[in-house]
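The values are calculated or read from the model by the stated rules, or taken from the named source; none is laboratory data. Worth saying up front: this structure is predicted, and the values here are computed from it rather than measured. Because the Cβ atoms are built from the backbone with ideal geometry, glycine has one as well, and the counts that use them run over all protein chains shown. Just so you know, the surface numbers come from the protein's heavy atoms only, side chains and all, with ligands and any DNA or RNA stripped out. Shrake-Rupley method; radii C 1.70, N 1.55, O 1.52, S 1.80 Å.
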Amino acid sequence: MTPMKWFGSFLKKYWIRMAAGLLLVTILAAAALAGPYVSKLIVDDVINGGQTGLLGKLITILIALVIVKGVCRFFSQVLFETSSQNVLFKMRETVYRKLLQEDFAFYNKNRTGDLMSRQTGDMDAIRHFVAYVIYTVYENVLYFIFALVMIFATNAKMALCMVIVLPLTAMTTYSQAKSVKPAFTNCRNAFSSLNTFVQENISGNRVVKAFAKEDFEMEKFTVENDRYRDAELGAANIWKKYVPVFELFSNALNIILMIVGGIMVVENEMTMGDLVAVNGYLWMLTVPLRMAGWWINDIQRFTTSVEKIYATYSAEPDVQKPLNPVKRKKLEGDIVFNNVSYKADDEDILHNISFEVQRGQTIGITGTTGAGKSTIINLLCRFFDVTDGEILVDGVNVKDLDMYQLRENIGIAMQDVFLFSDTIEGNIAYGKPDCSFEKVKEVAKMADANIFIKNMPEGYDTMIGERGVGLSGGQKQRISLARALLKEPSILILDDTTSAVDMETESYIQRQLENIDHSCTTFIIAYRISSIRDADKIIVLDNGKIIEQGTHEELVAQNGYYSTVYYHQYPMAAELKRRNASQGAV
């Protein structure tokens, strides 16, 4: 499907309303033709012919025409404006729904500012086209055609003199259309880049202030702002080149009328009334010629916006839903990683990862930074798809499971905590918005969040800022944990969830987690040994490979990476080991 056909699929839903609007515009344009003709009759028949009895009738006709044109103008604009808002509503909803279906890879490749520009500036260009450009161009094309017909009907010789300008106008219009499209594409790209920059700096304003980099960011903003200004001025230079040419052609018609028409009246080749009528029709020729350049700009801005929005909409996610998904409303939680490998942008992230997890077990995952710990979880949730191997949940490949049912059975407290601009209760109950307040409070207690929430100004009804601004790192982590627990999932994933809390709070949370449904399979990703030492199985990763796995005691006895980290974090245990080794040697 082409971008224009895609846009047409939204527009055709309102074709009756649009057709009614165009019909009213047609009536309006036809009514405008009568005015100059009535003026001709007043000059020739009333003033020169002395038929004063016609004057009252002609004035009545002029008043009626004004009323008809006013009514048609009002209702046609209402029809086009409502159509444009409906088209915009459905298109924005469709694009946003598609954005929600995109995978992590899509958002890694597309900047937030670019996506925001698609939903704001580009959408508004489409609204302007539907609400104004369509009927304006149609109306003026009618004026132009009707005026030519009437001028030919009034005096063919005069009409032929005016038609000389038209081929030159057509050539100029074509040349401008070719020149202006790349300019508008550059404008939209520059606007998206500026939008992205501003969005990132507003979101990261605390980092900017912390490093006192306001002046540095202002210089970068100036570069982006200059680029956008230069892009818009580049487009304006095209208008500056062509708009005067259209003005010249428009004014040339006036000169032709005055010179040729005056001579023809003097030589009795046409009446004074004919000259007045042609002069009345002349604006129907000059206005389209004068405005053609601006309408070309609007049309090109519209087509550029449609192409950009459609390019975003048509991007297919790498993670595809199965054609015939396996339905599992409630998962058991048995998980198998079978020779799983994952590659992104030609970079190997995971290599031949294999392990099994039985229902209700707790699995600890640790390792070096960038070893692939979070990637394992992302693959399990199908945020990405494996490059090789397979992941089985309850004996079914995750690629064959219904994606939403799979994720409905997983509760995850992510490493990068994201909280919405909502109440604390709303954030905790995000996974189950209809749950009772008692349940929200229960999981908040399990996450050791209840006490600090009660001490806040409005308790659970306290509004928190964007991304949890106003809360400490540990408070955000505990709200995120409560949100995951509220789902009562079959699979619980804690991705470095207690890194920002003190040891006492971590110990309390671990004791509470022991009381959750024992059928829940739990993954704990952590650097702290204290977070994972009681796990049924611990997996140690390095450079995307499993280098060790076993229980805490088994891994400490292996004297490998895990053992080294353990003794670094527990110096007393290291000292005890050293003493035991010394006594053994004696």
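Within region 63-80, being closer than 30 Å to residue 9 by Cβ and open to solvent by 70 Å² or more (accessible area, probe 1.4 Å) holds for 73, 74, 75, 77. Of all residues in region 261-307, those satisfying the criterion of being open to solvent by 40 Å² or more (accessible area, probe 1.4 Å), in contact (Cβ under 8 Å) with a residue 24 or more places away in the chain and over 27 Å from residue 141 (Cα atoms) are 269, 271, 272. Report yes if residue 228 is touching a Ser or Thr at 6+ places or on another chain (Cβ under 8 Å), over 21 Å from residue 169 (Cα atoms) and part of a helix (DSSP H, G or I), otherwise no. Here the answer is yes, as residue 228 does meet what is asked. Within the option set 314, 354, being surrounded by fewer than 16 Cβ atoms within 10 Å (Cβ to Cβ), more than 29 Å from residue 98 (Cβ to Cβ), at pLDDT 85 or above and hydroxyl-bearing (Ser, Thr, Tyr) holds for one residue only, 354. Restrict the check to region 322-338 and report whether at least one residue is of a type outside the set (Asp, Glu), open to solvent by less than 30 Å² (accessible area, probe 1.4 Å), touching a helix residue (DSSP H, G or I) at 6+ places or on another chain (Cβ under 8 Å) and not in a loop (DSSP other than H, G, I, E, B). Among the residues of region 322-338, at least one is of a type outside the set (Asp, Glu), open to solvent by less than 30 Å² (accessible area, probe 1.4 Å), touching a helix residue (DSSP H, G or I) at 6+ places or on another chain (Cβ under 8 Å) and not in a loop (DSSP other than H, G, I, E, B), which makes the answer yes.
Looking at residue 60, is it surrounded by fewer than 16 Cβ atoms within 10 Å (Cβ to Cβ) and over 16 Å from the mean Cα position of the chain (by Cα)? For residue 60, the condition - surrounded by fewer than 16 Cβ atoms within 10 Å (Cβ to Cβ) and over 16 Å from the mean Cα position of the chain (by Cα) - is met.
Please pick out the residue among 477, 405 that is in contact with an Asp or Glu (Cβ under 9 Å, 6 or more places away or on another chain), polar (S, T, N, Q) and either within 28 Å of residue 201 (Cα to Cα) or at pLDDT 85 or above (or both). Answer to the selection: 477.
Counting only residues that are open to solvent by 30 Å² or more (accessible area, probe 1.4 Å) and closer than 21 Å to residue 490 by Cβ, which one in region 416-445 is farthest from the chain's Cα centre (by Cα)? Among residues in region 416-445 that are open to solvent by 30 Å² or more (accessible area, probe 1.4 Å) and closer than 21 Å to residue 490 by Cβ, the one farthest from the chain's Cα centre (by Cα) is 442.
Check 355, 418, 383 and return the single one that is more than 28 Å from residue 478 (Cβ to Cβ) and among the aromatic types (Phe, Trp, Tyr).
Unique residue meeting the criteria: 355.
Restricting attention to region 446-474 and to residues that are open to solvent by 40 Å² or more (accessible area, probe 1.4 Å), assigned to a helix (DSSP H, G or I) and more than 19 Å from residue 508 (Cα to Cα), the residue that is modelled with the lowest pLDDT turns out to be 467. Taking the criterion of being β-branched (Val, Ile, Thr) and open to solvent by less than 40 Å² (accessible area, probe 1.4 Å), the residues of region 532-550 that qualify are 532, 538, 539, 540. Pairs meeting the criteria (first residue in region 323-343 and free of Cβ contacts under 8 Å to residues at least 24 places away in the same chain and at positive phi, second residue part of a loop (DSSP other than H, G, I, E, B) and among the small types (Gly, Ala, Ser), beta carbons under 9 Å, at least 6 apart or on different chains) are lacking. If you scan region 369-393, which residues turn out to be open to solvent by less than 40 Å² (accessible area, probe 1.4 Å), at negative phi and in a loop (DSSP other than H, G, I, E, B)? Residues satisfying the conditions are 371, 381, 383, 384, 385, 386. Six or more apart or on different chains, Cβ atoms under 6 Å: show the pairs whose first residue is in region 37-50 and open to solvent by 30 Å² or more (accessible area, probe 1.4 Å) and whose second is outside any loop (DSSP other than H, G, I, E, B) and charged (D, E, K, R). Pairs found: none.
Scanning region 365-374 for residues that are at pLDDT 90 or above and among the polar types (S, T, N, Q) yields a single hit, 366.
Scanning region 130-186 for residues that are of a type in the set (Gly, Ala, Ser) and over 35 Å from the mean Cα position of the chain (by Cα) gives 147, 153, 156, 159, 170. Pairing residues of region 535-563 that are farther than 16 Å from residue 573 by Cβ with residues that are in a helix (DSSP H, G or I) and open to solvent by 50 Å² or more (accessible area, probe 1.4 Å), at Cβ distances under 7 Å and at least 6 apart in sequence or on separate chains, gives 540/561; 542/561; 547/561; 548/561. Got at least one residue in region 93-107 being acidic (Asp, Glu), closer than 20 Å to residue 280 by Cα and buried (at least 16 other Cβ atoms within 10 Å of the Cβ)? No: zero hits.
Taken across region 394-405, residues that are assigned to a loop (DSSP other than H, G, I, E, B), among the polar types (S, T, N, Q), open to solvent by 10 Å² or more (accessible area, probe 1.4 Å) and touching a strand residue (DSSP E or B) at 6+ places or on another chain (Cβ under 6 Å) do not occur at all.
Scanning region 150-201 for residues that are closer than 30 Å to residue 279 by Cβ and among the charged types (D, E, K, R) yields a count of 1. Can you work out which of the residues in region 151-209 that are at pLDDT below 75, within 30 Å of residue 113 (Cα to Cα) and of a type in the set (A, V, I, L, M) is most open to solvent (accessible area, probe 1.4 Å)? Here the answer is 202.
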